[in-house]
Amino acid sequence: MANTSSARKATRKIARKTEINKSRRTVLRNSVRKVEEAIASGDRTAAMTAIKEAEPAIMRAAQRGVVHKNTASRKVSRLVHRIAKLAAK
């Protein structure tokens, strides 16, 4: 338990940030899920529109510190690569 007033304040700040970051992580996961569902259905046009919405959300999460910058770039890269493979089929 926090003993000092500054420690209590830090606890409040952490709780607030945790809620915000949970929300941002949910947005990130939902946008990635939409792209993956479009890829799984084999619909390239739906996948392209989904990735256009997902990429800014993923990079925004990285910018705000929810995920690492390299992790975000890797996610985008792998999704785009999977969409490109749809066109090859």
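Listed by chain and number, the lysines placed with their C-alpha closer than 27 angstrom to that of residue 9 are 17, 22; residues fewer than eight positions away on the same chain are left out. Between the residues 79, 5, 50, the greatest Cα displacement towards the positive end of the dipole of the chain, with unit charges on the Cβ of Lys, Arg, Asp and Glu, is found for 5. For the chain, the dipole from Cβ point charges (+1 on Lys and Arg, -1 on Asp and Glu) about the Cα centre works out to 480 debye, to the nearest 20.
Okay, helix-only estimate at 222 nm for the chain: each DSSP H run of n ≥ 4 adds -39500 (n - 2.57), divide by all residues, round to 500 deg cm²/dmol; what do you get? All intermediate terms of the calculation are to be shown ahead of the outcome.
Numbers: 3 runs with 77 residues, N = 89.
When only DSSP H runs of four or more count, the value is -31000 deg cm²/dmol.
Note on residue 82/residue 17: beta-carbon distance plugged into 1/(1 + (r/R0)^6) with R0 of 30 Å gives a FRET efficiency of 0.35. Under 19 Å from a label point 7 Å along Cα→Cβ of residue 40: give me every residue in segment 75-89 with its amide N that close. Within reach of a label on residue 40: 75-76, 78-87. Counted by Cβ distance under 14 Å from residue 6, the other residues give a net charge of +4, where Lys and Arg count +1 and Asp and Glu count -1.
For residue 85, the lysines whose Cα falls under 30 Å of its own Cα, not counting residues fewer than eight places away in the same chain, are 34, 52, 69, 75.
Values quoted throughout were computed directly from the atomic coordinates according to the rules given, and no laboratory measurement underlies them. Here the structure is a predicted model, which is why all the values come from computation and not from measurement. Here the Cβ is made from the backbone with ideal geometry for all residues, glycine too, and neighbour counts use every protein chain on show.
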